Amino acid sequence: AFHDKFGILTDAYRHRALSCRILVTVPDCLESLLLDPALSAWAQRIRYVILDEVHCISATEQGRLWERILLLINAPFLALSATVGAPEKFVGWLQSIKDLQKEQDPSGARESYKVRLVEHGQRWVDLRRHVAVDAPPAKGSGGVPTGLDAVVRWARLHQRPRVDHTSGVAQDGAELLHSLHPLASFTEANLSGCTIPDNLKFEPRDSLHLWQSMAEVAKKSPAGHAVKAREGVLARLDPQAFFQSNHQFVQKPEAITYEQEVKGEFVHWMQQGWREEAVQVLVAHDNTRIRGAAAGGAQSSSDEEEEEEDDFFAKRSDDEQEEGKDDGDASSTATGSAA
């Protein structure tokens, strides 16, 4: 049977660890296997190693363990991460390790010690953002405790709040969570710069909600206003008109294209200087960070404080982009190949 090809080895569980074709294990157990003299023949039979969540190498304690494993494995490897920063520098460091191994390989049996970087800029599993409500309602005879710390403890001990991703109906503690649109984090710097950060990724329903809010603002705009003239463009972005494929479901590449088109229309609004209308769209997505959004269009009296905050978040956003980090949106893969 297919499952007979797999083995598992952890500190608490062991199954076919030395007789399987594919072993699923954890770093400390793998290191123990590689360092055991009695298992040297087994170690030489390793043909490929996949290191998932390799960014854990930056951890204070676990990092040393990962480094030792990279030095010990004498086989091609695949290092996976969705959040590693500065992947080019990390690959350069991995290459230095493999160069050291090459110098210490007298036989020259391995065909290559080359480490390559493979990047994929799309996340196929969408992230849905939520925030905890301040005062969750009582539930059942005992009720749910109030206060965020108490809610977290309650959730861990009793059940995990679950959100029905196919409807707006709250189930099993989902009333403790409030869905958050990515544009709720939009800053004054973003608005002034007329840009949506690359790391501000949408799931399909986020794109739909942005289109709906823009269509509503355009509909309410007075005749002759430039935004009113965008109704034709927004009509083409109606999902019923946009998705013309013959298959039953919208596929991921189509959803990504739709996201780019809807974002592009909102960027166009900002570039044209339609600030009031852009703010109305942001307000529809619970944004209170833009001046005028918190009061539904009223000018904030604390401009200096908000400008300082905007500068902080703008700098932080630039730093994150420079490091190549996002909320899981891009994945980096370092591969080392050998014979």
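The values are calculated or read from the model by the stated rules, or taken from the named source; none is laboratory data. From a predicted model like this one, the values you see are computed outputs, not experimental measurements. Note that each Cβ is placed from the backbone with ideal geometry, even for glycine, and that neighbours are counted across all protein chains shown. Ligands, DNA and RNA are excluded from the accessible area calculation, which covers all protein heavy atoms including side chains. Shrake-Rupley method; radii C 1.70, N 1.55, O 1.52, S 1.80 Å.
When both residues are 6+ apart or on different chains and their Cβ atoms are under 6 Å apart, which pairs have a first residue that lies in the range 94-113 and is more than 14 Å from residue 77 (Cβ to Cβ) and among the small types (Gly, Ala, Ser), and a second that is surrounded by 12 or more Cβ atoms within 10 Å (Cβ to Cβ) and at pLDDT below 70?
none
When residues of the range 33-73 are filtered for being over 28 Å from the mean Cα position of the chain (by Cα), open to solvent by less than 90 Å² (accessible area, probe 1.4 Å) and of a type outside the set (A, V, I, L, M), how many remain?
The number of residues fulfilling the criteria is 3.
Pick out the one residue from 71, 78 that is among the aliphatic types (A, V, I, L, M) and assigned to a strand (DSSP E or B). Can you show your working first?
Details: 71 fails: assigned to a strand (DSSP E or B).
Answer to the check: 78.
Restricting the first residue to the range 231-245 and requiring it to be closer than 15 Å to residue 217 by Cβ, which pairs with a second residue that is of a type outside the set (D, E, K, R) and not in a helix (DSSP H, G or I) meet a Cβ separation below 9 Å and a spacing of at least six or different chains?
231/221
Test of understanding: among 185, 141, 179, which residue is open to solvent by 30 Å² or more (accessible area, probe 1.4 Å) and modelled with pLDDT under 60? Quick ask: steps written out before the conclusion?
On the way: 185 fails: modelled with pLDDT under 60; 179 fails: modelled with pLDDT under 60.
Testing whether each residue is open to solvent by 30 Å² or more (accessible area, probe 1.4 Å) and modelled with pLDDT under 60 leaves just 141.
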